[in-house]
Amino acid sequence: MQLALQWAAKGMFITTPNPRVGCVLVRDGEVIAAGHTQPAGQPHAEVEALRHAAVRGIDVRGATAYVTLEPCSHHGRTAPCADALVAAGIARVVVAVTDPNPLVEGQGLARLKAAGIAVESGLLATEAIELNIGFFSRMRRGRPWVRMKTAASLDGKTALHSGESQWITSQPARDDGHWWRARACAILTGIGTVQEDDPLLNVRAVDTPRQPRRIVIDSRLQISSQARVLQGGGTWVVAAQSNAEREAALREQGAEVILMPNAAGKVDLPALMQELGRRQINELHVEAGFKLNGSLIREDCVDELLLYLAPTVLGDARGMFDLQALDALHARRNLSFHDVQRVGPDLRILARVAQPAGLESSADLLKAAG
């Protein structure tokens, strides 16, 4: 199963909106074939492993399949993988975790058992869920897993008051940040960042065959039609106020305008998260300024923080989040350190919200299904 997880990770940047799945076929203690899920509409991991065996002229009848996610049982873009395993004569299937998709959710395992195949599940379930935390979030909560990235000094400052911020952290940290961009389905920022930095908001430091969707929160449609984030088309601009002329100009740039106002005339951020889930966004990567960061945190739209801290101090400067002062410590937002590593001279911290929105605790999302 460890090897199957390694194969699943090969699909890190390509499988969205499908989960990253790996499959390893074993007979007599030896690996005879392996595969991972291909881009949407192409073969899933199980079919890829069977194809790998066929190309090599290997008979898989009687073999064991180790799969990181329950084989699908429904006709979508592809035929059911459970049926493919049955037809191939696989004798035993070991699954890491049950598929949270209501179209599957145990039905794949039931189909295998009905065909006389021995089935086991739960092996390295947590690792398998972590690999697809966004997919599990979308299936269980109807919204993506939201990861907010920020780079700061050791005293929590992200830029000087002039806006100067390039560069607080090192090149290795910035490159590492691009890896996290690449694994996301979409990257979100705000109009303030677009106006100040004019970012491309794409992946450049790592090799990826797929660029994430770019999303800009722009309540009053102030974005320039020449903004670099619009280059190449496909950008979603989320607004709270309609403006026919500006919307037409953005459509000419290949952008889509999404109107989602709240009662205060701002973008309804929680509703946007549900809309992104409906649009099959699994993982949302946020790179925004302190104002939008604060709004997302206040509206319970953030699941984890990806923080890069440089060994320097800036003093009186912009902070990471625009949050109101607390009257008492018990009102603070609690997080837990999920992962802490050195990246070049900097420190990378992955800190998770103790109780993500829609869950009693983070364990509810990470526990194995079935």
Exercise. Taking segment 211-235 on its own, how many of its residues are surrounded by fewer than 21 Cβ atoms within 10 Å (Cβ to Cβ) and either more than 16 Å from Gln195 (Cα to Cα) or in contact (Cβ under 8 Å) with a residue 40 or more places away in the chain (or both)?
Worked result: 6
Problem set entry | Scan of segment 81-97 for residues that are open to solvent by 10 Å² or more (accessible area, probe 1.4 Å) and either under 29 Å from the mean Cα position of the chain (by Cα) or not β-branched (Val, Ile, Thr) (or both), ordered by number | Asp83, Ala84, Ala87, Ala88, Gly89, Ala91, Arg92
Problem set entry | Condition met for Gly289 (crowded, with 18+ Cβ neighbours inside 10 Å, more than 15 Å from the chain's Cα centre (by Cα) and closer than 23 Å to Asp218 by Cβ) | yes
For this session: Say whether the condition of being in a loop (DSSP other than H, G, I, E, B) and under 28 Å from the mean Cα position of the chain (by Cα) is met by at least one residue in segment 105-112.
Result: yes
Seminar exercise, completed: By residue number, the members of segment 251-286 that are open to solvent by less than 20 Å² (accessible area, probe 1.4 Å), assigned to a strand (DSSP E or B) and without any contact (Cβ under 8 Å) to a residue 60 or more places away in the chain are Ile258, Val267
For this session: All but one of (1) out of contact with any helix residue (DSSP H, G or I) (no Cβ under 6 Å at 6 or more places or on another chain); (2) at pLDDT 95 or above hold for Leu314, so report the exception by its number.
Result: (2)
Exercise. Does segment 200-230 hold any residues that are touching a Phe, Trp or Tyr at 6+ places or on another chain (Cβ under 7 Å) and either hydroxyl-bearing (Ser, Thr, Tyr) or assigned to a loop (DSSP other than H, G, I, E, B) (or both), and which are they?
Worked result: Val206, Thr208, Pro209, Arg210
For this session: Provide a single number: the residues in segment 324-348 that are in a loop (DSSP other than H, G, I, E, B) and exposed (fewer than 10 other Cβ atoms within 10 Å of the Cβ).
Result: 6
Exercise. Out of Thr37, Thr16, which single residue is out of contact with any helix residue (DSSP H, G or I) (no Cβ under 6 Å at 6 or more places or on another chain) and open to solvent by less than 50 Å² (accessible area, probe 1.4 Å)?
Worked result: Thr16
Problem set entry | Odd one out for Ala151, checked against (1) assigned to a strand (DSSP E or B); (2) surrounded by fewer than 20 Cβ atoms within 10 Å (Cβ to Cβ); (3) among the hydrophobic types (A, V, I, L, M, F, W, C) | (2)
Problem set entry | Residue list for segment 32-71, restricted to those being assigned to a strand (DSSP E or B), of a type outside the set (Phe, Trp, Tyr) and under 22 Å from Leu109 (Cα atoms) | Ala33, Ala34, Gly35, His36, Thr64, Ala65, Val67
Exercise. Taking the stated definitions as given, is Ala351 within 18 Å of the chain's Cα centre (by Cα), among the small types (Gly, Ala, Ser), at pLDDT 95 or above and open to solvent by less than 40 Å² (accessible area, probe 1.4 Å)?
Worked result: yes
Seminar exercise, completed: Picking from Asp197, Asp207, Asp218, the residue that is farther than 20 Å from Ile281 by Cβ and either modelled with pLDDT of 95 or more or under 23 Å from the mean Cα position of the chain (by Cα) (or both) would be Asp207
Problem set entry | Long-range neighbours under 7 Å by Cβ, at least six apart or interchain, first residue more than 14 Å from Tyr308 (Cβ to Cβ) and part of a loop (DSSP other than H, G, I, E, B) within segment 163-191, second among the charged types (D, E, K, R) and modelled with pLDDT under 95 | Gly163/Glu196
Problem set entry | Counted residues, segment 102-123 - those being within 27 Å of Pro212 (Cβ to Cβ) and surrounded by fewer than 23 Cβ atoms within 10 Å (Cβ to Cβ) | 2
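The values are calculated or read from the model by the stated rules, or taken from the named source; none is laboratory data. Keep in mind the model is a prediction, meaning the values are calculated, not measured. Quick reminder, even Gly has a Cβ in these numbers, built from the backbone with ideal geometry, and neighbours come from all protein chains shown. Areas reflect the complete protein model, heavy atoms only, side chains present, ligands, DNA and RNA absent. Shrake-Rupley method; radii C 1.70, N 1.55, O 1.52, S 1.80 Å.
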